[in-house]
1. Return the ratio Rg/(2.2 N^0.38 Å) for segment 317-356, where Rg is computed over Cα atoms only.
2. Roughly how tilted is helix 44-56, in degrees to the nearest 10 and between 0 and 90, from the longest Cα axis of the chain?
3. Which residue, Asp138, Asp48, Asp71, tops the fluctuation ranking in a GNM of the chain built on C-alpha contacts under 10 Å?
4. Search the structure for amide H atoms under 5 Å from the amide H of Ala72, placed 1.01 Å from N in the peptide plane, and list their residues when 5 or more places away or on another chain.
5. Applying the Karplus parametrisation 6.51 cos²θ - 1.76 cosθ + 1.60 with θ = phi - 60° to the phi angles of segment 284-295, what ³J(HN,Hα) value in whole Hz is obtained for each residue in order, glycine and proline being reported as x?
6. If I build a Gaussian network model for the chain, linking alpha-carbon pairs within less than 10 angstrom, which residue out of Ala258, Ala247, Ala267 has the largest mean-square fluctuation?
7. Could you bin all the Cα-Cα distances of the chain into 10 Å bins starting at 0 and give me the percent of pairs in each, rounded to whole numbers?
8. What is the percent of Cα-Cα separations in segment 307-379 that go past 17 Å?
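All of the numbers you see were taken from the coordinates with simple rules; none came from a lab. Bear in mind the structure is a predicted one, so any value in this text is a computation, not a measurement. When we count neighbours, we look across all protein chains shown, and the Cβ atoms used for this are built from the backbone with ideal geometry, even at glycine.
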Amino acid sequence: MNLKKNIFRRATIVALLFLSTTKINAQNFDVRALWVVRDHITSKEKIDKVLEFASANNYNHLFIQVRGRGDAYYTSRLVPRSHLLLNTDFDPLEYVIKESKQYNLKIHAWLNVYYLWSSTNLPKQKEHALLNHPGWLDSNKPDLINISDVMEKVKKDRKANGEGFYLSPTHPEVDAHLQNIITEIIQNYSLDGIHFDYIRYHDLGWGMNPTGLKFFLNYSGNIPGLPSLKVQEKPSFADFKRTAITAFLSKASMRIKAYQPKCIISAAVKPNLFNARNTFGQEWDIWLAGGYIDWAVPMNYTSNDKSFQKNLQIMKENLPQKYIDRIIVGIGAYNQDPRSAGKKIYQVAKNQFSGISIFSYTVFKEKPIYAKKIYEYIK
């Protein structure tokens, strides 16, 4: 009986020490960020609640989603307004920037870069790129995508087109279009940061847009998937694909810093460095080294503690400390309980990363008790 009491007492002490240590370390985070999905910024009332929540729960940076699926939650001449804003002239980005000042919160415009469409129905906006520029779409075959055929397949099987339609990173017109979007935003809004999401390929095997392939063939003389002689200094298809995204970021970074030198450029990336590079074309270690991004935000959303820690370890072993200092670790709240998420916050602090970002506000809005428990780890 005494043995059981001693075991219970030790377990209680360990738990209390864990919670205490977590609080102390969390206070050292320079960045305590929160992703806010676009559904929560369609009115002044909703935005007010977001800001009040963030301030009360000790967050200091907000990633506000203003480009979801090729649309705009801001005033734009280049892309159509979101269907959720079609009957109003409300500008969510303008409002959140203005109102955030009283809470001392930093606002980052969160842009889904290449992800264009995911619904089983076509866009309502006639100006949408999906309807007007089918040649811009990325593919896993060297052919143009037939949108109508794909839509019919998706209605029968939601997974028939994977996550949905993506723009092609290797198409020069796509690159120009996205650079113009960034320029418009940075000219019209004073931002604390720009956050690039879905800055990647759909998956392994994608990147076969016909126009992009022509540029690759002209550039290298190689045909992807076919054996060829190794020619010195000629890139592989995988190199070509990665370079397209890196070049986009390089140009975008120069534009942003030219207009707003203090604007923080960040990118949401796959958390395993090697998988990010080889499967999705995200060489985010090079992005950090080249200064194309100020922060890398690895989406380490797994609920599994070992997988979470393994991803952190890969970063620690393959990146110098000066880059670790620029990594804000993303933690999922949607797929694990508060204690599990809290343990991961502790691991981030223990490994001396600069901050955390929680995905997402939606969970906290739907489950206020969850938010209160997470607050214990970051207050």
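1. 1.25
2. On a 0 to 90 degree scale, this one is about 50.
3. Asp48
4. Those lying under 5 Å, H to H, from Ala72 are Arg81, Ser82.
5. These are the phi-based 3J(HN,Hα) values: 6, 5, 5, 4, 5, 5, x, x, 6, 10, 8, 10 Hz.
6. Among Ala258, Ala247, Ala267, the largest mean-square fluctuation in the Gaussian network model of the chain belongs to Ala258.
7. Once binned at 10 Å, the Cα pair distances of the chain give 5, 22, 31, 26, 11, 4, 1, 0.
8. 42 percent
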